[in-house]
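Accompanying notes for the structure given below.
The values are calculated or read from the model by the stated rules, or taken from the named source; none is laboratory data. Because the structure is predicted, anything quoted here is derived from the model rather than measured. Please note: Cβ atoms are built from the backbone with ideal geometry, for glycine as well, and neighbour counts cover all protein chains shown. Surface areas here come from the heavy atoms of the whole protein model, side chains and all, with no ligands, DNA or RNA. Shrake-Rupley method; radii C 1.70, N 1.55, O 1.52, S 1.80 Å.
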Amino acid sequence: MDVGDHAAKAGHVPVMLGRVLEILTPALTRPGVGDTGRAPVYLDATLGMGGHAEALLGAVPGLRLIGLDRDTTALERSARRLAPFGDRVTLEHAVYDQIPDVLARLGVPTVDAVLFDLGVSSPQLDEADRGFAYSYDAPLDMRMDRTQSLTAAEVVNGYPPAELARILREYGEERFAQRIAAAIVRERGRAPLDSTRRLADLVRTSIPAATRRTGGNPAKRTFQALRIEVNDELDSWRRALPAALAALPLGGRVAVLSYHSLEDRVTKQVLAAQAADTTPPDLPVPLPEHEPRFRLLTRGAELPSDEETTTNPRAGSVRMRAAERVREAT
């Protein structure tokens, strides 16, 4: 039995599952959807192990799922998990910023609900050979899509010092980015850096001892930065969320689960802009064409319950935001 199958059988619980169902189900069961011959369409843009998708397929009769993932292993596992739902399920090997292309190819002009469960998935962390975790000694890989060429090893061994420091500072919010980058350059001059353990050890020795005593593993921020760079996560996310919003009809909803401040900041900015009235401030009344296109369904970023963080450690850092289209696109 592989890691993914074991996790599913051991009771892998999707993050904030109850709240996701509460947020998205009204968009999939609203008047005019499902009772007019058109099946409601749910786009799971980060399918992963398929837990959220399975729950929604079970909860909404006739629901059609379009599931995307860049990880071919995740798609294979989800296909097995979702097989009982037959032709209600369509799975696509794609990154979430390819939403317009996927929907056009499938002939689906709009979707009623979209979920993004961002970040690295549990199986990716659990599989040592993927190179995402500093707790295992593994090749420096970190590719979510193993059909792409760029790996973390190529980044640490090939990027110029200034570019390495920028990535660590911007994507890892690492205040010792310059020191770590310099240490990486020195070490790779002796021999290529090719393992997670060597990199984690190097980061630890590059950081002042007093800092190492707090805040968890000192390699966490470096590994996050490299993962974001290898998978182009932030730039893809900046393209993906507007694309998803554009695919939602009146009453359609989106929910986003973010796991670090950089993702959540982009989500907050995009949703806030769509929920704002853009009528010029010197006009006495709002103009219909400038009224908000979306309304926010969460007050700020919602956090998981204490009970969930206790039973589901992956939920510890999650932040949820959601919105509903209230005005047709013009």
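Would you please put 83-94, 259-270, 223-234 in order of how densely packed they are, using the mean number of other Cβ atoms within 10 angstrom per residue and starting with the highest? Write down the numbers at each step before the final one.
Details: 83-94: 14.6, 259-270: 18.2, 223-234: 22.2.
Ranked from most to least packed, the peptides come out as 223-234, 259-270, 83-94.
Give me the number: length gained by fully extending Asp235 to Val108, i.e. 0.36 nm times residue separation minus the C-alpha to C-alpha distance, one decimal in nm. Write down the numbers at each step before the final one.
Working: separation 127, 0.36 × 127 = 45.72 nm, distance 2.48 nm.
Contour length minus the Cα-Cα distance gives 43.2 nm.
Here the label points at Ala182 and Asp87, each 7 Å from Cα along the C-beta direction, are separated by 6.5 nm in the simple model.
Quick check: residue separation of Thr211 and Arg327 times 0.36 nm, minus the Cα distance between them. What number comes out in nm? Intermediate values should be presented prior to the final figure.
Values: separation 116, 0.36 × 116 = 41.76 nm, distance 4.96 nm.
Between Thr211 and Arg327, full extension yields 36.8 nm more.
Inter-part distance, segment 262-330 to segment 162-204, computed on C-alpha centroids, equals 35 Å.
Given Cβ point charges of +1 (Lys, Arg) and -1 (Asp, Glu) and nothing else, what value in debye, to the nearest 20, does the dipole of the chain about its Cα centre take? If you can, show how the numbers build up before the last one.
Values: 42 positive and 45 negative charges, 152 e Å.
Dipole about the Cα centre, nearest 20: 740 debye.
Could you compute the net charge surrounding Asp101? Neighbours are other residues with a C-beta less than 14 Å from the C-beta of Asp101; K and R count +1, D and E count -1.
Details: positive: Arg70, Arg105, Arg239; negative: Glu92, Asp97.
My count for the surroundings of Asp101 gives +1.
With a 1.4 Å probe and all protein chains left in place, how much accessible area per residue does the chain have, in Å²? Mind dumping the intermediate values first?
Numbers: 15000 Å² over 330 residues.
Each residue of the chain exposes 45 Å² on average to a 1.4 Å probe.
Going by the alpha-carbon gyration tensor, a ≥ b ≥ c the square roots of its eigenvalues, is segment 243-294 rounded (a/c under 1.5) or, if a/c is not under 1.5, prolate (a/b greater than b/c) versus oblate? Since a/c reaches 1.5 but b/c is at least a/b, the shape of segment 243-294 is classed as oblate.
Run through every distinct alpha carbon pair of the chain and return the Kirkwood hydrodynamic radius in angstroms, one decimal place.
21.2 Å
The sum of -39500 (n - 2.57) across all DSSP H runs of n ≥ 4, divided by the residue count of the chain, sets its helix-only mean residue ellipticity at 222 nm to -13000 deg cm²/dmol. Checking the a/c ratio against 1.5 first, then a/b against b/c, what shape does the Cα gyration tensor give for segment 15-125? The shape class here is prolate. Apolar share of the accessible surface for segment 197-274: 51 percent from carbon plus sulfur atoms, 1.4 Å probe.
Each peptide in 201-210, 282-291 receives the mean, over its residues, of other Cβ atoms within 10 Å, and ordering these scores from highest gives 201-210, 282-291. In this rough spin-label picture, where each label sits 7 Å from Cα along the Cβ direction, the Val285-Asp201 distance is 7.3 nm. Take the Cα of Ser149, step 7 Å toward its Cβ, do the same at Glu170, and the gap between the two points is 2.2 nm.
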